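Read the structure below first, then the notes.
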Amino acid sequence: MTRIVKKHEARKNEILDVAQNLFYTQGFDNTSINQIIDQIGIAKGTIYHYFKSKYELLDAVVERLIIQMREAIQPIVQNQEFTPIQKFNMVFNMIGQIKFERKEFMLELIRVITRDENVILHQKMVTRSIDFLAPILSQIIEEGIDQHYFDCEYPDEVAMYIIGLSGYINRYLTTTIIEIEEGKKDMSVLINHFKGFERIIERMIGAEKGSLSLADEQLIRDFFITQED
């Protein structure tokens, strides 16, 4: 029984590895199920045994990414040399850096999951982000309360709201990015959006105004500016 489970997981991870690589290198829309099975050398029925659709594959790839984020920020949270303010800033900047390293995939992901027909998939991904990341933020907030950096009565709930809010602003970001690319809006609109997000979070956790710096301005510009050929 153990051997069969191991084989099952090995095949599932193999499919995910190939799908993830193709999504990252050529985009979700440009990747087909046939390309995935051709690279692995399996029958189409085999892949559907593990994943019912390409969107379910995308969901699994994003779950992997969220887990990688959690593993990357855990050492920050556990390091007692950092203040809660520093931890908060470092966690969000680390997440931003991870996204930047997968820039093209993340930009397409935003466009895909904010399509009207993918509203359930979007909601599912936001919920998973809350499940994986909110407990980490809650821990930092509680430390901040104990050390008098934050004034927050409901750290667990506020942590969930912060992650949920950051997930659902993707729809706004998609529209803004398109308008920037079309020359209808300036990059400063996007910068102001992130600055406003910082001020909202400061109020939610009861932090001193201006204490949070959750996103590097140059990183935002580098991330969202369309590269010229």
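The values are calculated or read from the model by the stated rules, or taken from the named source; none is laboratory data. This one's a predicted model, so the numbers in the text were calculated from it and none came from an experiment. Methodologically, a virtual Cβ is constructed for each residue, glycine included, from the backbone with ideal geometry; neighbour enumeration extends over all protein chains shown.
Here are a few things to note about the model shown:
- Residue in segment 206-215 that is closer than 21 Å to LYS99 by Cα, of a type in the set (Ser, Thr, Tyr) and at pLDDT 85 or above present: yes
- The one condition from (1) closer than 18 Å to ILE162 by Cα; (2) without any contact (Cβ under 8 Å) to a residue 12 or more places away in the chain; (3) crowded, with 16+ Cβ neighbours inside 10 Å that GLN123 does not meet is (3).
- Qualifying residue in segment 150-164 (condition: on the phi > 0 side of the Ramachandran plot and modelled with pLDDT of 95 or more): no
- Leading residue by the ranking (surrounded by the most Cβ atoms within 10 Å (Cβ to Cβ)) among those in segment 176-201 that are aliphatic (A, V, I, L, M) and more than 27 Å from LEU137 (Cβ to Cβ): ILE180
- Looking across GLN80, GLN74, GLN68, one residue alone is assigned by TED's automatic domain parsing to the domain that holds PHE150, of a type in the set (S, T, N, Q) and not in a helix (DSSP H, G or I). It is GLN80.
- Candidates ILE42, ILE15 - the one that is farther than 18 Å from ARG111 by Cα and touching a Leu at 6+ places or on another chain (Cβ under 9 Å): ILE15
- Scan of segment 140-160 for residues that are among the hydroxyl-bearing types (Ser, Thr, Tyr) and surrounded by 17 or more Cβ atoms within 10 Å (Cβ to Cβ), ordered by number: TYR149
- Options LEU133, LEU137, LEU173: the member that is within 17 Å of the chain's Cα centre (by Cα), in contact (Cβ under 8 Å) with a residue 60 or more places away in the chain and buried (at least 20 other Cβ atoms within 10 Å of the Cβ): LEU133
- Residue within segment 64-80 that is touching a helix residue (DSSP H, G or I) at 6+ places or on another chain (Cβ under 8 Å), over 21 Å from ALA215 (Cα atoms) and surrounded by fewer than 17 Cβ atoms within 10 Å (Cβ to Cβ) present: yes
- Inter-residue pairs, beta-carbon under 7 Å, first over 29 Å from THR31 (Cβ atoms) and in segment 57-83, second of a type in the set (S, T, N, Q), 6+ apart: VAL77/GLN139
- Remark: pairs (first residue in segment 1-29, at pLDDT below 80; second residue assigned to a helix (DSSP H, G or I); Cβ separation under 9 Å; 6+ apart in sequence or on different chains) = HIS8/TYR50.
- Of the residues screened, ALA10 is one that is farther than 30 Å from ILE140 by Cβ, assigned to a helix (DSSP H, G or I) and small (Gly, Ala, Ser).
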